[in-house]
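The structure appears below as structure tokens.
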Amino acid sequence: MARASWMTVPNALTLGRIVLTPIFGYLWWRHRYELAIITFAVASASDFLDGLAARVLDQRSKLGQLLDPTADKLMVLCTFIVAAATGAVPVWLAVLVIGRDVILASGGALFAFVYRGILGPERWRPSRIGKYATFYTVGTIGLALLHSMTGFEKLRPFVGALGIMCAACTIVSGIQYVASGIQAFVTNAKVEA
């Protein structure tokens with residue numbers, strides 16, 4: 001039996017991350033920390049590996065361009081809701097990180113469906129600050145989960161420090177992405193005028 005053309009190694013890894021995300025959230029919510037941290041580590045590793053596999057195996061696809069950011073947004077949504085609900089991170093941080101992702105997803109949808117051709121997905125690249133925001137987001141969640149698992153209170157200030165870095169990078173990268181979208185829209189309006 002032939003493999004479906006959309007089922008590439010990177011897409012399979014990304015789909016695996018999508019499946020693991022609610023499992024991770026449930027495990028953390030139910031205080032099954034050991035299993036939660038293993039699930040989080042596997043899901044985080046798959047995020048790195050799907051991009052690597054796409055480049056090394058030359059298996060980039062339009063579906064992958066949609067699935068990967070969707071899996072990332074789902075992971076952020078799930079982890080920050082559970083982290084805030086369990087008191088592992090402050091609610092304001094969860095609102096900030098989730099809010100930025102909602103704004104970016106809404107902007108992406110506008111450019112993909114309403115303003116086609118102005119700023120296509122092939123030009124949606126993470127900025128350096130956006131990559132830092134991702135690093136601090138994963139670090140904050142990982143350390144918050146480790147703190148929840150161990151109860152080791154000396155970790156708490158480090159969770160706070162990472163949370164502050166996460167917030168700062170989230171704000172700056174959000175502004176960068178919105179400014180980039182506005183610039184693309186304005187530039188296109190000038191070209192058409």
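Whether a residue is surrounded by fewer than 18 Cβ atoms within 10 Å (Cβ to Cβ), modelled with pLDDT of 80 or more and not acidic (Asp, Glu) was assessed, and LYS62 does not pass this test. Among the numbered conditions (1) touching a residue at least 12 places away in the same chain (Cβ under 8 Å); (2) more than 24 Å from LEU143 (Cα to Cα); (3) open to solvent by 40 Å² or more (accessible area, probe 1.4 Å), the only one that SER106 does not meet is (1). In the stretch 42-59, the qualifying residues are those that are assigned to a helix (DSSP H, G or I) and more than 14 Å from the chain's Cα centre (by Cα), and the one that is modelled with the highest pLDDT is VAL42. Quick check, is LEU20 among the hydrophobic types (A, V, I, L, M, F, W, C) and under 30 Å from MET149 (Cα atoms)? Against the criterion (among the hydrophobic types (A, V, I, L, M, F, W, C) and under 30 Å from MET149 (Cα atoms)), LEU20 qualifies. When restricted to residues that are under 12 Å from VAL76 (Cβ atoms) and surrounded by 20 or more Cβ atoms within 10 Å (Cβ to Cβ), the stretch 137-146 contains 3.
Yes or no, residue by residue, for (1) surrounded by fewer than 14 Cβ atoms within 10 Å (Cβ to Cβ); (2) more than 14 Å from the chain's Cα centre (by Cα); (3) more than 25 Å from ALA45 (Cα to Cα):
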{"site": "ARG125", "(1), (2), (3)": "yes, no, no"}
{"site": "THR134", "(1), (2), (3)": "no, no, no"}
{"site": "SER148", "(1), (2), (3)": "no, yes, no"}
{"site": "GLY160", "(1), (2), (3)": "no, yes, no"}
{"site": "ALA168", "(1), (2), (3)": "no, yes, no"}
{"site": "GLN176", "(1), (2), (3)": "no, yes, yes"}
{"site": "THR187", "(1), (2), (3)": "yes, yes, yes"}
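Within the stretch 65-110, the set of residues being modelled with pLDDT under 80 and either touching a helix residue (DSSP H, G or I) at 6+ places or on another chain (Cβ under 7 Å) or part of a loop (DSSP other than H, G, I, E, B) (or both) comprises just one member, GLN65.
Looking only at residues of the stretch 5-30 that are touching a residue at least 24 places away in the same chain (Cβ under 8 Å) and not in a helix (DSSP H, G or I), we find that the one that is most open to solvent (accessible area, probe 1.4 Å) is TRP6.
Every listed requirement among (1) out of contact with any Pro (no Cβ under 8 Å at 6 or more places or on another chain); (2) of a type outside the set (A, V, I, L, M); (3) open to solvent by less than 40 Å² (accessible area, probe 1.4 Å) is met by ASP47 save one, (3).
The values are calculated or read from the model by the stated rules, or taken from the named source; none is laboratory data. What you see is a predicted model; the values in this text were computed from it and never measured. Cβ coordinates were reconstructed from backbone atoms using ideal geometry, including for glycine residues, and neighbour counts include every protein chain displayed. All accessible areas refer to the heavy atoms of the entire protein, side chains included, with ligands and DNA or RNA removed. Shrake-Rupley method; radii C 1.70, N 1.55, O 1.52, S 1.80 Å.
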